[in-house]
Each structure stands twice: as structure tokens, then as C-alpha cells.
Amino acid sequence: VLESGRIDFSGQQLATKLSNALLVSSGVVAFIIGFVMQRLSYSFAAYAFGVLVTYFVALFPWPYFKRNPVVWL
Amino acid sequence: MYNIFQRLSSITSFAMSTLMVLAVLISLTTPFIPSSPTHSVTLHSVQNAKGRVVDQFDRTARKSEFARLTFDLDADLSSMFNWNTKLLFAYITADFESADYSTNRVVVWDRIIRNTRQAKLRLRKHHNKYTLRNMKQTFEGVEGANLTLHINPVPYLGIMYDKEVVSIPFSIPRPVVKDSAKEKAKTKRGKKV
């Protein structure tokens with residue numbers, strides 16, 4: 001169980017970049033939504049939604065993380 | 001990032017850092033939101049009377065001069081409510097200079113305003129909520145005083161500050177001196193003069 005969800009190395013790079021970009025952009029979108037609607041709760045709700053989207057996209061071992069498998073001899 | 005738990009840990013820690021940056025951004029941009037409150041304070045009357053501190057029926061308590069004010073307050077503070085305002089704390093202070101201390105500030109009235117409905121204030125001939133008295137038990141030597149309205153916006157995220165909004169000068173009169181003959185007649189216990 002502790003070794004579950006293995007992905008290859010370029011997949012790990014992709015996972016890092018993707019999750020960072022998604023989190024920063026959900027922070028920016030959350031600020032804009034809250035400022036425009038003038039409600040603080042909307043801001044944090046949007047940010048929480050963005051974090052859940054990031055988990056969905058980058059947490060699980062999707063096939064696009066396994067496109068360059070390491071070839072052993 | 002090679003297994004699920006590593007990714008969970010890394011993503012969650014970066015999410016918490018980004019959340020902190022979001023909170024700091026919100027708190028730093030709040031002072032730049034414009035607000036246009038309207039306010040006016042007028043003073044109706046000032047009285048100065050002698051009384052006893054804490055309990056008027058406790059003869060061992062020390063005597064002091066108490067100033068009583070009646071004032072009018074008209075204010076519309078609803079524009080001070082933005083997304084980061086939790087409540088507004090409005091309070092009126094009497095500031096004066098005395099011989100012993102250069103700054104004296106006594107809060108005589110305060111109110112917590114929680115939403116824009118409560119932000120429309122209209123007080124007529126309102127008494128002061130808290131007693132106004134000097135540290136030295138007398139207002140003798142205090143030339144002039146100022147009645148100042150302050151507003152304190154308390155944010156959800158960020159630093160709260162004080163906004164001194166309007167200030168009117170007033171003077172505290174000397175207490176009324178009673179007839180000395182009548183005073184002497186009172187102190188003779190039981191015996192009629």
C-alpha cells in the first residue's frame with residue numbers, strides 16, 4: 001500500500017509543475033472572485049474548490065504521468 | 001512525488017503556503033478600498049454634579065465630580081463595510097488636558113455595529129453611557145475638552161486601526177454650589193433648627 005501510485009520520473013516533474021500552477025491560479029481566481037462579489041466566504045470556497053481540483057488532477061496515477069517508463073536492461 | 005502519499009504531502013503543503021499568501025494579500029489590499037462615511041456630532045448640554053464614586057449610598061466612598069453630557073449623533077457608516085469588515089466599533093471620547101496629566105481620554109459612549117443596517121446611526125439627546133470624571137476627583141483646572149467620535153473597523157484578516165472622525169470642543173462647567181445655610185441645617189442630626 002505504501003508503494004502505491006508509482007509514476008515515472010518525467011511524470012513526477014509534470015505532477016509538480018501542474019500542481020503548483022493549479023494552486024497558484026486557484027489562489028488568484030479566489031482573490032478575484034471574492035473581491036468582485038465582496039464576500040470573503042466566496043474567496044475561500046473558490047480556493048478550496050481549486051485545491052480539490054488539484055488533488056483530482058495531480059494526486060492519482062493517471063496515464064499521462066506514465067508516458068515515459070524507465071527501461072531496464 | 002513517486003507515490004500517492006508523497007504527492008499528497010507536497011501538494012497539501014504548497015496549498016497551505018498559497019492560502020497564507022492569499023490571506024496576506026487580502027489583508028494588505030483592504031486599506032485601499034474607498035469608503036465615504038458621513039457623520040456629525042452635536043452637544044446639547046453639559047452638567048457637572050458632585051456624587052459618590054461606585055455607590056451613592058456608601059458614605060465611606062470618596063466624593064467626585066461627575067460630568068453628564070447629552071449629545072446628538074448622525075452617521076451613515078454603511079460604506080465602511082467591505083468584504084473584509086467584521087464589525088465597526090464606534091466610540092465617543094472626551095479628551096481634555098489637566099494640570100497633572102497632559103492627555104486625558106475618557107470613553108463616554110460606544111457601540112458595536114455588525115452590519116450595514118445597524119450602520120445608520122441617529123441618536124437624539126443621548127446620555128453618556130459611561131461616567132465622565134477626572135482622576136483627581138474634580139474638573140477644576142481643566143479648561144477645555146473635546147468630544148471626539150472614533151471608528152474602529154475590525155477586519156476578518158488584517159490589522160485593525162483607529163479612525164478619529166469628528167471632534168467638537170466643549171467646556172465642563174463648575175458644579176453648582178448649594179446654599180450654605182441650608183447645608184448647615186442639614187448636618188445637625190435630628191435636631192431641627
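The values are calculated or read from the model by the stated rules, or taken from the named source; none is laboratory data. Please read these numbers as outputs of a predicted model, since none were measured by experiment. Cβ sites come from the backbone with ideal geometry, for glycine too, and all protein chains shown count toward neighbours. Protein only, heavy atoms only, side chains kept; ligands, DNA and RNA dropped before computing areas. Shrake-Rupley method; radii C 1.70, N 1.55, O 1.52, S 1.80 Å.
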Quiz item: What residue, of A:SER26, A:SER41, is within 16 Å of B:ALA23 (Cα to Cα), part of a helix (DSSP H, G or I), among the hydroxyl-bearing types (Ser, Thr, Tyr) and within 11 Å of the chain's Cα centre (by Cα)?
Solution: A:SER26
Exercise. Tell me, yes or no, whether segment B:32-40 has at least one residue that is open to solvent by less than 40 Å² (accessible area, probe 1.4 Å), in contact (Cβ under 8 Å) with a residue 12 or more places away in the chain, touching a Ser or Thr at 6+ places or on another chain (Cβ under 8 Å) and of a type outside the set (D, E, K, R).
Key: yes
Exercise. Give just the number: which of (1) more than 14 Å from every other protein chain (Cβ to nearest Cβ); (2) open to solvent by less than 30 Å² (accessible area, probe 1.4 Å) does B:LEU22 not satisfy?
Key: (1)
Quiz item: Somewhere in segment B:52-70, is a residue closer than 29 Å to A:GLY27 by Cα and assigned to a loop (DSSP other than H, G, I, E, B)?
Solution: no
Quiz prompt | Verdict on B:LYS178 being surrounded by fewer than 11 Cβ atoms within 10 Å (Cβ to Cβ) and free of Cβ contacts under 8 Å to residues at least 60 places away in the same chain | solution = yes
Practice problem: Would you please name the residue that is most open to solvent (accessible area, probe 1.4 Å), looking only at residues in segment B:43-82 that are hydroxyl-bearing (Ser, Thr, Tyr) and touching a Leu at 6+ places or on another chain (Cβ under 8 Å)? | Solution: B:SER45
Quiz item: Of the residues that make up segment B:120-128, is at least one part of a loop (DSSP other than H, G, I, E, B), in contact with a Leu (Cβ under 6 Å, 6 or more places away or on another chain) and either basic (Lys, Arg) or touching a residue at least 12 places away in the same chain (Cβ under 8 Å) (or both)?
Solution: yes
Quiz prompt | Candidates B:THR38, B:THR70 - the one that is among the hydroxyl-bearing types (Ser, Thr, Tyr), away from chain A (no Cβ under 13 Å) and in contact with a His (Cβ under 7 Å, 6 or more places away or on another chain) | solution = B:THR70
Quiz prompt | Pick from segment A:48-63, criterion in a helix (DSSP H, G or I) and either at the interface with chain B (Cβ under 7 Å from one of its Cβ atoms) or charged (D, E, K, R) (or both), ranking: farthest from B:MET20 (Cα to Cα) | solution = A:ALA58
Exercise. Please work out which one of (1) modelled with pLDDT under 90; (2) not assigned by TED's automatic domain parsing to the domain that holds B:THR131 is the condition B:HIS44 fails and give its number.
Key: (2)
Practice problem: Determine whether A:SER19 is among the hydroxyl-bearing types (Ser, Thr, Tyr), surrounded by 12 or more Cβ atoms within 10 Å (Cβ to Cβ), more than 9 Å from every other protein chain (Cβ to nearest Cβ) and without any contact (Cβ under 8 Å) to a residue 60 or more places away in the chain. | Solution: no
Quiz item: Before we move on, is B:SER9 in a helix (DSSP H, G or I) and either within 14 Å of chain A (Cβ to nearest Cβ) or free of Cβ contacts under 8 Å to residues at least 24 places away in the same chain (or both)?
Solution: yes
Quiz item: Got at least one residue in segment A:41-54 being open to solvent by less than 50 Å² (accessible area, probe 1.4 Å) and modelled with pLDDT under 95?
Solution: no
